[in-house]
Amino acid sequence: MKKLTLIKMGGAILTDKSKPCVIRYDLIKELTGQIRECLPFLKGSVVIGNGGGSFGHYFAEKYSLMDGITNEDGWMGFCKGKNGNAFLHTKLIEEFINQGILACPYPIDNIMNDNINKGEGINRWNQLFTYLEHGILPAVYGDIIYDSVKGCKIVSTETVFSLLNRAVILNPDWGYSIDKIIFCTNKDGIENLKGELLPFIDKTRFNQWEIFRKSGDGYDVTGGMYGKVMMAMNTEISCPVYIVNGNHPERLSGLLRGEEIIGTCIYSNV
């Protein structure tokens, strides 16, 4: 089986989430550079994802898109949000290309649309796997999609990763398995109520509920850190999920090289 590593660059590190539509270009350059250096060490392929940061989250909050299209202004928010997400994603792709990495966007509209498609079939993913076979790094991102019931629906990168994981499980003949999932956030990892970093979380510890301390800054409408942990605890996720601080790019590269780094590893099947 060919192994896949899924890496999400959080919106909180790609943008300044306290200000609308501000990109942190220097950090994007550092992170993409670290990934470029580590590609020879990886046993398989990589799929990149990114959050909306102060682009998508800002417009979703401003126009209350979490509830769908509730008034005519909502459609303006829908357009601004989709264009903002695409703009940020394009800037990330451009930097990968500047680093000499073959990278190509794979919009969520390729995977799922409306409120009925679950994005599990090969017809939704065949182009992504074609990219991988040609050595191209596919890049996905959370976005706003049309929904025939509510007008629109916000889909996080975590959801896209979950759909890809499910599709791989349901279609073993594709010859792929998810080796690990990495979330680059603006936090060192998961902390307990005392503010102490938890290097490892399994189902037993997770079910205690008391380990979590709420934290977050700026615009976020898709669940933040809690959403990442819930995704990692999904029974369909059988690989380790890592949360590392993307403000320290060397931690991402260390993890990709198999080194011990500061962060949290979540394993739902332990």
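The values are calculated or read from the model by the stated rules, or taken from the named source; none is laboratory data. What you see is a predicted model, and the numbers here were worked out from it, not measured in a lab. Neighbour counts are summed over all protein chains in view; Cβ atoms, including those assigned to glycine, are modelled from backbone coordinates with ideal geometry.
The table below gives the values:
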item	result
Complete set of residues in segment 21-50 that are in a helix (DSSP H, G or I), within 21 Å of Asn85 (Cα to Cα) and among the basic types (Lys, Arg)	Lys29
Residue ID - farthest from the chain's Cα centre (by Cα), chosen from residues in segment 66-85 that are within 15 Å of Tyr146 (Cβ to Cβ) and among the small types (Gly, Ala, Ser)	Gly74
Of the criteria (1) under 22 Å from Phe183 (Cα atoms); (2) at pLDDT below 90, which one Val22 fails	(2)
Of all residues in segment 60-79 being touching a residue at least 40 places away in the same chain (Cβ under 8 Å) and closer than 24 Å to Ile23 by Cα, the one that is surrounded by the most Cβ atoms within 10 Å (Cβ to Cβ)	Ala60
Yes/no for Gly56 being under 14 Å from the mean Cα position of the chain (by Cα), crowded, with 24+ Cβ neighbours inside 10 Å and in contact (Cβ under 8 Å) with a residue 24 or more places away in the chain	yes
Per-region count, segment 259-270, residues in a loop (DSSP other than H, G, I, E, B) and either at pLDDT 90 or above or in contact with a Cys (Cβ under 7 Å, 6 or more places away or on another chain) (or both)	5
In segment 189-205, the residues that are outside any strand (DSSP E or B), in contact with a Ser or Thr (Cβ under 8 Å, 6 or more places away or on another chain) and either closer than 25 Å to Gly254 by Cβ or modelled with pLDDT of 75 or more (or both)	Gly189, Pro199
Residue match in segment 15-25 (condition: farther than 20 Å from Glu158 by Cβ, touching a residue at least 60 places away in the same chain (Cβ under 8 Å) and β-branched (Val, Ile, Thr))	yes
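Results for (1) among the hydrophobic types (A, V, I, L, M, F, W, C); (2) at pLDDT 95 or above; (3) touching a strand residue (DSSP E or B) at 6+ places or on another chain (Cβ under 6 Å), shown as yes or no for each residue.
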| residue | (1), (2), (3) |
| --- | --- |
| Phe55 | yes, no, no |
| Asn115 | no, no, yes |
| Gly121 | no, no, no |
| Leu132 | yes, no, yes |
| Val140 | yes, yes, yes |
| Cys152 | yes, no, yes |
